[in-house]
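So the structure is just underneath, and the comments pick up after that.
The values are calculated or read from the model by the stated rules, or taken from the named source; none is laboratory data. This is a predicted model, so every value here is computed, not measured. Every residue, glycine as well, gets a Cβ built from its backbone with ideal geometry; the counts of neighbours run over all protein chains shown. Side chains included, ligands, DNA and RNA excluded: accessible areas come from the protein's heavy atoms. Shrake-Rupley method; radii C 1.70, N 1.55, O 1.52, S 1.80 Å.
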Protein chains: 2
Amino acid sequence: MVEQFMQEAVQLAVENVRARRGGPFAALVVKDGNVVARGTNLVTSSNDPTAHAEVVAIRAACKSLNTFQLDGCDLYTTCEPCPMCLGAIYWARLRRVYYAGTREDAAAAGFDDDFIYEEIALPLGDRRIEMIPLLHDEAQRAFDTWKHLADRIRY
Amino acid sequence: MVEQFMQEAVQLAVENVRARRGGPFAALVVKDGNVVARGTNLVTSSNDPTAHAEVVAIRAACKSLNTFQLDGCDLYTTCEPCPMCLGAIYWARLRRVYYAGTREDAAAAGFDDDFIYEEIALPLGDRRIEMIPLLHDEAQRAFDTWKHLADRIRY
């Protein structure tokens, strides 16, 4: 069963490349043995750098299930998620992730996944993209408003 | 100038909470001194766990500029980006990030940013969300298709 889902994902990734929709990646969200949503990499065809297969699949699954949390759902992805997608997986609270390729495979094919993993581990001041602290105390106004909102919806 | 952009972002974050649209976060994409796009956290109101302020702003900026890369653009965000948003910033190739709050401030307000940073640094087998390798060699079919596509668009 798990192999079948992954094979379907790989086939989607192959077709995605052939159709010139984007990179060689696809993902499925599966719940109780059923595919809830499919996603492929649509970065270049949709002008959206966040449209990685996992993000596309997670957004579609949430839309389909009318929720912002995918408890009890598994993700099948043709490649180890990049940091952006791994973050999305945690925010969506998926149960489990099956992956086929690795970040090294992605790097060998010309993708930045491995580089971004390295950058994320660095202190903010040492990163390739400059990160500048500004008006730290001002941000507390937003957090305070949040903390005092009685009916806030946590996520 | 930079302070003004951040003050606008914080005000957007405060209004976002009051309007019950989502968490206390907002972001601006700025190019050549002009605001290209604004984003606020819309996770709970749009049922999209990826709808963090930075991702929303990046997607809107790309749509507005008709591109999947934001070279020469700066991001103003009311809080240090979470790993998902930091990944999005790298994929979008922003030039610079100004941030007000920190991941510790976010944690104090009940958000998982700091926890996800810790998880990302762990070996795949030690993470809270189970990550299971599956059909590694099968994924090469997708990468091979990509490598052999003469007119592939890199991103």
Quiz prompt | Single match in B:Asp74, B:Asp144 (criterion: more than 7 Å from chain A (Cβ to nearest Cβ), among the charged types (D, E, K, R) and not in a helix (DSSP H, G or I)) | solution = B:Asp74
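Okay, residues lined up against (1) within 8 Å of chain B (Cβ to nearest Cβ); (2) open to solvent by less than 30 Å² (accessible area, probe 1.4 Å); (3) touching a Pro at 6+ places or on another chain (Cβ under 8 Å); (4) assigned to a helix (DSSP H, G or I):
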{"position": "A:Glu3", "(1), (2), (3), (4)": "yes, no, no, yes"}
{"position": "A:Gln7", "(1), (2), (3), (4)": "yes, no, no, yes"}
{"position": "A:Ala13", "(1), (2), (3), (4)": "yes, yes, yes, yes"}
{"position": "A:Val17", "(1), (2), (3), (4)": "yes, yes, yes, yes"}
{"position": "A:Val29", "(1), (2), (3), (4)": "no, yes, no, no"}
{"position": "A:Val35", "(1), (2), (3), (4)": "no, no, no, no"}
{"position": "A:Pro49", "(1), (2), (3), (4)": "yes, yes, no, no"}
{"position": "A:Glu54", "(1), (2), (3), (4)": "no, yes, yes, yes"}
Quiz item: If we keep just the residues of the stretch A:56-71 that are touching a Ser or Thr at 6+ places or on another chain (Cβ under 7 Å) and facing another protein chain (nearest Cβ under 9 Å), which is farthest from A:Asn34 (Cα to Cα)?
Solution: A:Phe68
Practice problem: Can you give me the number of residues within the stretch A:1-25 that are within 17 Å of the chain's Cα centre (by Cα), free of Cβ contacts under 8 Å to residues at least 60 places away in the same chain and under 14 Å from B:His136 (Cα atoms)? | Solution: 1
Quiz prompt | Odd one out for A:Phe115, checked against (1) open to solvent by 20 Å² or more (accessible area, probe 1.4 Å); (2) among the hydrophobic types (A, V, I, L, M, F, W, C); (3) in contact with a Pro (Cβ under 6 Å, 6 or more places away or on another chain) | solution = (3)
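Here is a yes/no grid of residues against (1) under 19 Å from the mean Cα position of the chain (by Cα); (2) in a helix (DSSP H, G or I); (3) modelled with pLDDT of 95 or more; (4) surrounded by 16 or more Cβ atoms within 10 Å (Cβ to Cβ):
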residue	(1), (2), (3), (4)
A:Gln69	yes, no, yes, yes
A:Pro81	yes, no, yes, yes
A:Met84	yes, yes, yes, yes
A:Trp91	yes, yes, yes, yes
A:Leu94	yes, no, yes, yes
A:Tyr99	yes, no, yes, yes
A:Leu122	no, no, yes, no
A:Met131	no, no, yes, yes
A:Glu138	no, yes, yes, yes
Quiz item: Does B:Arg59 satisfy the criteria of being within 20 Å of A:Ala60 (Cα to Cα), open to solvent by 40 Å² or more (accessible area, probe 1.4 Å) and touching a residue at least 12 places away in the same chain (Cβ under 8 Å)?
Solution: yes
Self-check item: Residue, farthest from the other protein chains (Cβ to nearest Cβ), within the stretch B:101-120, restricted to residues that are outside any loop (DSSP other than H, G, I, E, B) and among the small types (Gly, Ala, Ser)
Solution: B:Ala107
